[in-house]
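The values are calculated or read from the model by the stated rules, or taken from the named source; none is laboratory data. This one's a predicted model, so the numbers in the text were calculated from it and none came from an experiment. Heads up, the Cβs are rebuilt from the backbone with ideal geometry, glycines too, and the neighbour counts pull from every protein chain shown.
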Amino acid sequence: MSPPESSATSQTVQVRHAPGKGRALTTTTTLRPGTTILATTTPLLLLPSVANLSSICTHCLRSGSSPPRACTRCHSAYYCGPTCQRAHWRAVHSVECKPLSRLRAAGRGPLPTLVRLLVQALLKESIAQELADLEGNVEAIRSEAGGTRWADIEVMALGACACAGVGTGEEQVRRACELMCKIQTNAFNWSEDNPDQTAVFVEPTLAMINHSCVPSAEVQVAGRNIVLRASMAIQAGEEIEITYIDYTLPRPKRNEALAPYNFQCQCPRCRGNLNIYQASALYPHLDLNCFSLAPEVSQVHQHPAVVDTQKAAAANTQAGKVLADIESSATPDTESSQHASLCHRYQRCKNFAESDFWAMAPLPHLVADASSYYAAEENWSFALTTACLMATACDSYRYPPPFHSVRVQDLFRIAKLLSNTAADTSSLSQPPSSVVSKSDLNTRVQDTLKDIDQVSLCQMLLMMALRLIPEEFVKEWDLAVDAQDMLKDIGQLPGRDKALTLINAWATNPEADQSRKFFQYAVVDPVHTLASLGKEALEHEFRGA
């Protein structure tokens, strides 16, 4: 049901030279899939994005039941309590508070996130010294044709120098430009499935890790904990690789996203121009999915996108064209325009859906947006069916490790939606007007939900999610805290003795024959049934005229 719970320390990694890559991070010991390789709560730089500055704690990145309180001097840092405020003051805010206060007094808005990180580096020499050892691609950026990126960096550097009060002479701005290049090159953007929890951080050890579109490790964030976790077995002496970009995209879009890093990816997927299913087939531990929502992933080698190479190659080429077409369309700003946009996108992606290529971009983005669209309408049953489709047909192939953070978020999202559909089903509430016209499909969805033990399914999904999170970080990850709260509420429901006996037996020994059968019956089969209805929902809702 889950990977090992072992963890490693920073002593298990070392920096070595990698031919053609420069510095690389390698492991000194063999690591099993799911192992925590290293973790830190003290990254060199860490800051919420401007859009989310006032909604999460600037120090711990947690959102509480009440909004964080602003620093009374600068109103540019927000804290969940005095402990975080004191810690952040010691870490960096003591040097930036006064300059930020001057900006506020002058009527200026908040600094862009990267500019503020640069201000911190200019004001705290220890930060600048650690940044100095990192790659910044300074000369490559400076010599780029057109020079627009370097011009932008100069503007940000000049603003940071002025804010920090270090002078705006040629030497000061030159140094600031170099530091900004290093920050941009090595910064990680983080979002925990929630636009209200987004931050940027720089961690020097992680900055030593090279990129691959078939990564062997993943960076996960739990509160202020930044965790490097093995996605697959890594042998002693082997290089650890992560992804810098959304590696599920077609190769042209990946190359575009990697352009600022000034290198050409030579991973197996890029060399062979593999589609997402072929890349998934490279994962050496597909059997881990036998205890996931999508055990069929272990048979991805038999998927049409892998077997039929000619058809797969054509779809791979088409994916890039469709993605470019969709990205050129206007962003919807109203509910009606959002619906029209989803209709347009579905029509462009329809060939992928009919070929059962649900994991091929940009179809997963459409499914995710459709589920969000239904949820915004409080059409919980259709939001659930499309979320199940996302979890089984899209993300399970895009992210083959079942403990990948996206897969864990899928489990929690379905569980949350089940808490709504269970209530709706029991009260026999009417669906929104948008689906009344689809009476046959809606009736089948409601009948399916009535036949499912939604409470038990919700409980088991929450238990799976918690089991897939490293135990030492459960208390730090908001998703895990919410999952535990939901499990407590479920535990108070009466009349579930028989179901609890089966669930507890499954949780104790998931590999037992009876547990496997129960898991198939109580989790896999109903989720796949709902996912099939999700496919129908998309066809009915967004097929257009």
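The table below gives the values:
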item: Of all residues making up region 350-380, the number that are more than 23 Å from the chain's Cα centre (by Cα) and within 22 Å of residue 306 (Cα to Cα); result: 7
item: Residue in region 184-193 that is over 22 Å from residue 103 (Cβ atoms), touching a Lys or Arg at 6+ places or on another chain (Cβ under 6 Å) and β-branched (Val, Ile, Thr) present; result: no
item: Verdict on residue 341 being surrounded by fewer than 17 Cβ atoms within 10 Å (Cβ to Cβ) and either out of contact with any Phe, Trp or Tyr (no Cβ under 9 Å at 6 or more places or on another chain) or within 21 Å of residue 539 (Cβ to Cβ) (or both); result: no
item: Output for region 56-75, where each listed residue is touching a residue at least 40 places away in the same chain (Cβ under 8 Å) and over 19 Å from the mean Cα position of the chain (by Cα); result: 59
item: Some residue of region 493-506 being within 16 Å of residue 292 (Cα to Cα) and of a type in the set (A, V, I, L, M, F, W, C); result: yes
item: Scan of region 235-252 for residues that are surrounded by fewer than 17 Cβ atoms within 10 Å (Cβ to Cβ) and under 17 Å from residue 220 (Cβ atoms), ordered by number; result: 246
item: Residues being surrounded by 21 or more Cβ atoms within 10 Å (Cβ to Cβ) and either charged (D, E, K, R) or modelled with pLDDT under 95 (or both) - total across region 58-79; result: 2
item: Residue 359 assigned by TED's automatic domain parsing to the domain that holds residue 302, assigned to a loop (DSSP other than H, G, I, E, B) and among the aliphatic types (A, V, I, L, M); result: yes
item: Condition check for residue 81: within 24 Å of the chain's Cα centre (by Cα) and either free of Cβ contacts under 8 Å to residues at least 40 places away in the same chain or closer than 29 Å to residue 403 by Cβ (or both); result: no
item: Residue 343 vs. criteria part of a helix (DSSP H, G or I), under 18 Å from residue 412 (Cα atoms) and over 17 Å from the mean Cα position of the chain (by Cα); result: no
item: Residue within region 280-291 that is surrounded by fewer than 18 Cβ atoms within 10 Å (Cβ to Cβ) and touching a residue at least 60 places away in the same chain (Cβ under 8 Å) present; result: yes
item: Test for residue 116: is it among the basic types (Lys, Arg) and over 25 Å from residue 175 (Cα atoms); result: no
item: Selection count where residues are more than 18 Å from residue 323 (Cβ to Cβ) and modelled with pLDDT of 95 or more, scope region 244-263; result: 1
item: Test: residue in region 86-93 that is aromatic (Phe, Trp, Tyr) and buried (at least 20 other Cβ atoms within 10 Å of the Cβ); result: no
item: Which numbered condition residue 1 fails, given (1) at pLDDT below 90; (2) assigned by TED's automatic domain parsing to the domain that holds residue 232; (3) hydrophobic (A, V, I, L, M, F, W, C); result: (2)
item: The listed residue being closer than 22 Å to residue 523 by Cβ, buried (at least 24 other Cβ atoms within 10 Å of the Cβ) and of a type in the set (Gly, Ala, Ser), out of 370, 375, 359; result: 359
item: Residue check for residue 27: of a type in the set (Ser, Thr, Tyr), at pLDDT 95 or above, closer than 30 Å to residue 288 by Cβ and buried (at least 17 other Cβ atoms within 10 Å of the Cβ); result: yes
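This table checks each residue for (1) more than 21 Å from residue 76 (Cα to Cα); (2) crowded, with 17+ Cβ neighbours inside 10 Å; (3) modelled with pLDDT of 95 or more.
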{"residue": "105", "(1), (2), (3)": "no, no, yes"}
{"residue": "144", "(1), (2), (3)": "yes, no, no"}
{"residue": "160", "(1), (2), (3)": "no, yes, yes"}
{"residue": "164", "(1), (2), (3)": "no, yes, yes"}
{"residue": "173", "(1), (2), (3)": "yes, yes, yes"}
{"residue": "193", "(1), (2), (3)": "yes, no, no"}
{"residue": "199", "(1), (2), (3)": "no, yes, no"}
